[in-house]
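To start, the structure itself, in structure tokens.
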Amino acid sequence: MIVAIHQPNYIPWLGFFYKIAKSDIFIFLDDVQYTKNSFINRNKIKTSQGSIWLTLPVRNKGRFGQLIREVELNESVPWRKKHIKTLEANYSRSIYFLKYYDSIKNLYDISNGSLSILNITFIKYICAELGIKTKFINASEMKISGTSTNRLVDICMQLGADTYFSGFGGSKYQEEEIFNKYGIKLQYSDFIHPVYTQLWGEFIPNLSIFDLLFNCGERSLEILLKENN
């Protein structure tokens with residue numbers, strides 16, 4: 001059984017969903033410290049002027065060290081309206097925009113002020129639309145011990161995983177010998193970013209999954225996996 005683990009990012013890039021698609025169980029690492037202005041609360045979309053950030057405002061003043069699941073969205077800012085209008089302005093001409101627009105618009109009201117709930121809601125919705133059937137678990141619902149690599153291994157052990165599917169950046173800090181000690185194979189992502197038809201001229205990689213979904217619709221998963229098979 002293959003397990004993958006990652007923080008619940010905001011409308012993540014394609015490689016995030018490749019990681020989910022390649023695993024049997026995906027763990028949302030929502031019980032680790034929140035990192036300000038990371039992909040947890042922002043991501044990029046494409047416009048006629050190039051890529052721009054869509055950023056979720058959060059309450060972090062005086063809350064240093066808060067866990068991801070504790071982070072509250074700043075409701076004094078009309079971010080929902082802004083994000084919806086920005087998506088509409090830049091993707092309304094895309095072939096599949098209307099196929100997803102109403103559902104996405106409605107999802108922005110589900111968060112109850114929680115950053116992690118909003119992010120997880122979007123990720124699960126997108127996986128359902130892509131046809132990804134991976135099981136999801138929140139790390140905060142598990143009793144996990146250890147830190148760093150030991151923490152990842154503990155999650156794998158609790159779930160009976162024989163393989164941990166890691167992002168390629170994990171090679172910089174993960175201790176492979178600990179995985180080996182417990183008989184868990186450490187497999188790094190071999191994701192190759194596909195090139196697909198976009199609006200607004202020259203292709204830009206590493207954008208939010210929304211860019212692929214609005215432009216390619218039901219072919220999105222096929223495109224996502226094509227270069228990697």
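Considering each residue of the range 122-132, count those that are of a type outside the set (D, E, K, R) and either open to solvent by 30 Å² or more (accessible area, probe 1.4 Å) or at pLDDT below 95 (or both), and give that number.
Result for the range 122-132: 3.
I'd like the full set of residues that are more than 21 Å from the chain's Cα centre (by Cα) and in contact (Cβ under 8 Å) with a residue 40 or more places away in the chain, limited to the range 130-158.
Scanning the range 130-158 gives a single hit, ILE144.
Taking the residues in the range 194-222 that are acidic (Asp, Glu) and in a helix (DSSP H, G or I) as candidates, determine which candidate is surrounded by the most Cβ atoms within 10 Å (Cβ to Cβ).
Going through the qualifying residues, I end up with ASP211.
Can you tell me which residues in the range 133-157 are out of contact with any Asp or Glu (no Cβ under 6 Å at 6 or more places or on another chain) and open to solvent by less than 90 Å² (accessible area, probe 1.4 Å)?
THR134, PHE136, ILE137, MET142, SER148, ASN150, ARG151, LEU152, VAL153, ASP154, ILE155, CYS156
Does GLY170 satisfy the condition of being in contact (Cβ under 8 Å) with a residue 24 or more places away in the chain, small (Gly, Ala, Ser) and over 16 Å from ALA21 (Cβ atoms)?
When the stated conditions are applied, GLY170 does not pass them.
What number of residues within the range 165-180 satisfy the criterion of being open to solvent by 10 Å² or more (accessible area, probe 1.4 Å) and either closer than 14 Å to VAL3 by Cα or in contact with a Gly (Cβ under 7 Å, 6 or more places away or on another chain) (or both)?
Number of matching residues: 1.
Only strands (runs of 3 or more DSSP E) wholly contained in the range 1-90 count here; list those with 1 or more residues that are open to solvent by 40 Å² or more (accessible area, probe 1.4 Å) and among the aromatic types (Phe, Trp, Tyr).
Of the strands (runs of 3 or more DSSP E) lying wholly inside the range 1-90, those with at least 1 residues that are open to solvent by 40 Å² or more (accessible area, probe 1.4 Å) and among the aromatic types (Phe, Trp, Tyr) span 50-55.
With (1) of a type in the set (A, V, I, L, M, F, W, C); (2) surrounded by 16 or more Cβ atoms within 10 Å (Cβ to Cβ); (3) modelled with pLDDT under 95 as the list, and ILE110 as the residue in question, which single condition is left unmet?
Every condition holds for ILE110 apart from (2).
Can you tell me which of (1) modelled with pLDDT of 95 or more; (2) more than 30 Å from PRO78 (Cα to Cα); (3) of a type in the set (A, V, I, L, M) is the one ILE144 doesn't meet?
Failed condition: (1).
The values are calculated or read from the model by the stated rules, or taken from the named source; none is laboratory data. Everything numeric here is computed off the predicted structure, so don't read it as measured data. So basically every Cβ, Gly included, is an ideal-geometry build from the backbone, and we count neighbours across all protein chains shown. All accessible areas refer to the heavy atoms of the entire protein, side chains included, with ligands and DNA or RNA removed. Shrake-Rupley method; radii C 1.70, N 1.55, O 1.52, S 1.80 Å.
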